[in-house]
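Below is one structure, written out as structure tokens; comments come after it.
The values are calculated or read from the model by the stated rules, or taken from the named source; none is laboratory data. All values derive from a computational prediction rather than experimental measurement. Cβ atoms come from the backbone with ideal geometry, glycine included; neighbour counts cover every protein chain shown.
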Amino acid sequence: MEPETVSPSPASAVPLHHVGNPFSRVLGGFAALASGELINKLIAAVVSIYLARTLEVAGFGLIGFATALATYFVLAVDLGLDFLATREIARRPQLAGAYARRIIAIRLAAALAATVLYVALAAAIPNDPAARLTIALYGLLFIPYALTPKGVLLGLERRRPWAAAQVVGQLVFGVGCVAIVSGPADTWRVPAVQTVADLAQGIVVLFALLPVLRAGGQIGQSLLGTVRQALPFAWAQGMRILGYNFDVLLIYFVLGDAANGAYLAAYKIVLLFLGFGALYSMTLLPAVARHYPNDLAALPRFVGNSLALTGAIVIPAAVGVAVLAEQAVVLTAGPGYEAAVLPLRILMATVAVTVLGGAFRNVLIGCNRQRDDLWLVTAAAVFNVALNVLVTPRFGLGGAAVVTVCSELVVLVGGWWLVSRVVGPPPVVRSLLPAVAATGLMALVLVALLLFLAWPLAAVVAGAIYLVTFTLLGGVREALRGVRER
């Protein structure tokens, strides 16, 4: 069913020239989220290092498998409602209370069903009783998730409460893990602590939404109608999740706990960077939804500005970490995770490809072309699964990493093509050329410096060379173009 097309009312359809510089507003929103996310990621990194060393490689792999499996059931609880709420509330903020109440009601019902099904599946997985218990306990996460309608906050562009909620949740998780997880035998305690942490996060979100929950407003459609409207978002999310973690499930069953633990050690570093890319997407979508369906001619320039800014950050970061992959694995996971080095080198390309491709996906969703986005991510997920089945059992962790990069390239190239058909081709080459050229020089310098300098010093020198080269090539001017334009 084609999602409802919303015709903005005079109150919500704000002409572009009346809102100043929307791109500056996007950056301001990203800065608000990123400040909290930086704290969140630092805590998460410390906790991940602690768990990787405490649970050892097999226990860490089991936790990763259980998390990946539970993610599919979380999707059945989410139902795409956060994406729907973000877009619709950005256009009609007066309906925020109605959407918040409806999302919680729908998700609670879905969470109860998901919990029963997940626990039954966990009990049937062929493994020892302790491992099955650990996997089953992740079914406790679904109720707290149902009580966390973050899409309402993001649609209202109230990003600080969501950032604060994430920090609170991560702090509770970190303190709990350090307090009661002391060895591989305590693996089952990790999901119990995660449940308490997610509940704390949900309480912060609900507290921030109390005035909204008490407000009036009617959506004007049935609960089933809302679910149907959100299903394309849910399907697209499911396909993205399939593309992200099917390799984790396959590695667990084909190569075992230890291989999965090594692969996840690499993936944890990748996710550290992808998290900031996801935050940028959260701030980009409301801006597209609110301002640009009425001014399609401005979209190519807007996308170009976004690519220039994000490319200036993610391209050198991805290449730099790939060069320093061995040092990054030792620093984060410690001994016993040497097998993570090769997949990390390859997977870091996913950071740049995914973040850049996100700009095209947000344009499609913001302009009510979610069906195009749905088919795009479905094609990428099918490609990912089919190629993983053929490649991973034969080529191991490196093969799985290559498949991930290839499937993300499908999204990037396909997103560019679809956006070009809708609004015209964005200036991709002009936007990214300074970052690509400066990163190439940086990588060569970094490899040479590592022959006779300690890696931290080599990284600082290479980073400085990148900044100088990027500036001389006009990259700073191009990256800031969107902020300066009116």
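Some values worked out for this structure:
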quantity	calculated
Condition met for V382 (closer than 28 Å to V248 by Cα, in a helix (DSSP H, G or I) and over 19 Å from the mean Cα position of the chain (by Cα))	yes
Selected residue (only one of S407, S306 is in a helix (DSSP H, G or I), more than 23 Å from Y252 (Cα to Cα) and touching a Gly at 6+ places or on another chain (Cβ under 9 Å))	S306
Some residue of the range 89-107 being part of a loop (DSSP other than H, G, I, E, B) and at pLDDT 80 or above	no
Check on G256, of a type in the set (G, A, S) and farther than 30 Å from L84 by Cα	yes
Members of the range 273-322 found to be in contact with a Phe, Trp or Tyr (Cβ under 6 Å, 6 or more places away or on another chain), buried (at least 22 other Cβ atoms within 10 Å of the Cβ) and either at pLDDT 60 or above or polar (S, T, N, Q) (or both), listed by number	T283, N305, P316
Residue in the range 122-134 that is under 19 Å from the mean Cα position of the chain (by Cα) and either closer than 28 Å to Y252 by Cα or in contact (Cβ under 8 Å) with a residue 40 or more places away in the chain (or both) present	no
Residue among G28, G36, G20 that alone is surrounded by fewer than 16 Cβ atoms within 10 Å (Cβ to Cβ), at pLDDT below 75 and in a helix (DSSP H, G or I)	G28
Residues that are over 24 Å from L309 (Cα atoms), surrounded by 17 or more Cβ atoms within 10 Å (Cβ to Cβ) and hydrophobic (A, V, I, L, M, F, W, C), drawn from the range 395-430	L397, A400, A401, V402, V403
Within the range 53-111, tally of residues that are among the hydroxyl-bearing types (S, T, Y) and over 18 Å from the mean Cα position of the chain (by Cα)	2
Only listed residue being among the aliphatic types (A, V, I, L, M), surrounded by fewer than 23 Cβ atoms within 10 Å (Cβ to Cβ), at pLDDT below 90 and at negative phi, chosen from A379, A340	A379
Any hit, the range 413-424, residues being within 26 Å of T469 (Cβ to Cβ), in a helix (DSSP H, G or I) and among the β-branched types (V, I, T)	no
Selected residue (criterion: farthest from F60 (Cα to Cα)) from residues of the range 220-272 that are among the β-branched types (V, I, T) and either touching a Ser or Thr at 6+ places or on another chain (Cβ under 9 Å) or modelled with pLDDT of 75 or more (or both)	I241
Residue identified as not aliphatic (A, V, I, L, M) and not in a helix (DSSP H, G or I) among N368, N362	N368
